[in-house]
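The values are calculated or read from the model by the stated rules, or taken from the named source; none is laboratory data. This structure is a prediction, so every number in the text was calculated from the model and none was measured. Cβ atoms come from the backbone with ideal geometry, glycine included; neighbour counts cover every protein chain shown. Only protein heavy atoms, including side chains, enter the accessible area calculation; ligands, DNA and RNA are left aside. Shrake-Rupley method; radii C 1.70, N 1.55, O 1.52, S 1.80 Å.
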Amino acid sequence: MKKLMAANWKMYKTGAEAAETVKEMAALLNGTAPEGREIVVFVPFTALERASVAMTAVKGASTGAENVYPAAEGAFTGEISPAMIRACGASWVLTGHSERRHILGESDAFVGEKTAFALSSGLRVMLCIGETLEERESGLLRNVLERQLRLGLKNVPADTPVEALAIAYEPVWAIGTGKTATTEDIVETHAICRELMRDILGARADETPLLYGGSVKPANAGSILALDNVDGVLVGGASLKADSFTQIINA
Ligand code: PGA
């Protein structure tokens, strides 16, 4: 399986800034993802079209939205449908990012609705899961991951192509804090996630990429990517600069 190298630009960059960063990436990568790597950059809605056009200069790379509403159209002020995302030239969407769960109050069930609807609308979905420090310290790690995976993957259409789904494990306490989980934490937690994925997804679980996210940077990306059950990384802060994200892609 190719390693999936994902960037999450969160609420950073206008359309012009996003297109500029993608152009810089294209130059640094000589127009192609390195052997064994696939690239996806999740960008704000307002930058999606320009970033997607610029990304056509990089073979093996695509763009995604950071959120989606689970309906084809309707009276949902401020929301964006899968068709709108696809019309911008993007093929992916993030669901369940911890900032949406914890700041915007999205429930596990709503995350599941978004995941299933986006997949049935032809988008590829990266479902994010992860525990808070309090949950980890209270011994709830496995319960939280199991609940987020079961509800997040509820109603995934049976005919979903295997390449359409990815899971990103991001411990909430390691996001944007500079605190990376230890290699032991990552190996142990990814083993739990894989076991739960097998239980929920059956045979396709082993072909479904399981990414790590949380303070990934050029200095630690290589060692994280070498760990068992790590099929890629989801990078926030260190993906905002083309140079730093390209170093991670090449790690
Ligand atoms: P970070 O963010 O790399 O800045 O910790 C990761 C994420 O939120 O996806």
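Numbers below:
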| quantity | calculated |
| --- | --- |
| Theoretical gain in end-to-end length, Ala203 to Ala72 [0.36 nm per residue, Cα-Cα removed] | 44.1 nm |
| Peptides 24-31, 233-240, 133-140 ordered by average Cβ neighbours within 10 Å, highest first | 233-240, 24-31, 133-140 |
| Solvent-accessible area per residue for segment 3-249 (1.4 angstrom probe, square angstrom) | 43 Å² |
| Order by protection proxy (mean Cβ within 10 Å, highest first), peptides 76-89, 6-19 | 6-19, 76-89 |
| Under-5 Å amide H pairs with Ala7, H placed in peptide plane, nonlocal only | Val40, Val41, Phe42, Val235 |
| Local electrostatic count, Cys88, Cβ distance below 14 Å [Lys/Arg +1, Asp/Glu -1] | 0 |
| Solvent-accessible area, 1.4 Å probe, carbon plus sulfur percent, for segment 3-249 | 53 percent |
| Gain on full stretching of the segment that runs from Leu104 to Leu227 - 0.36 nm per residue minus C-alpha separation | 41.1 nm |
| Test item: Cα-centred dipole of segment 129-251, Lys/Arg +1 and Asp/Glu -1 on Cβ, debye | 240 debye |
| Nonlocal Lys pairs with alpha-carbon distance under 25 Å, segment 3-249 (8 or more apart, or different chains) | 27 |
| Radius 11 Å from Cβ of Asn229, net charge of other residues (Lys, Arg +1; Asp, Glu -1) | -4 |
| Nearest-20 debye value, segment 3-249 charge dipole, Cβ charges on Lys, Arg, Asp, Glu | 420 debye |
| Residues Met11 and Glu137, FRET efficiency given R0 of 30 Å [Cβ-Cβ distance, rounded to 0.05] | 0.55 |
| Segment 213-242 versus segment 10-80: alpha-carbon centroid distance in Å | 18 Å |
| Relative contact order for segment 3-249, counting Cα pairs under 8 Å that sit 6 or more residues apart, in percent | 20 percent |
| Residue-span extension gain [Glu24 to Arg150] - 0.36 nm each, minus C-alpha spacing | 41.4 nm |
| Relative contact order (percent, whole number), segment 1-101, Cα cutoff 8 Å, 6+ residue spacing | 27 percent |
| Amide H contacts under 5 Å for Cys128, placed H, 5+ residues apart | Thr95, Gly96, His97, Ala168 |
| Packing-based order for 201-212, 150-161, using average beta carbon neighbours within 10 Å, highest first | 201-212, 150-161 |
| Mean-position separation - Cα centroids, segment 117-161 and segment 180-198, in angstrom | 14 Å |
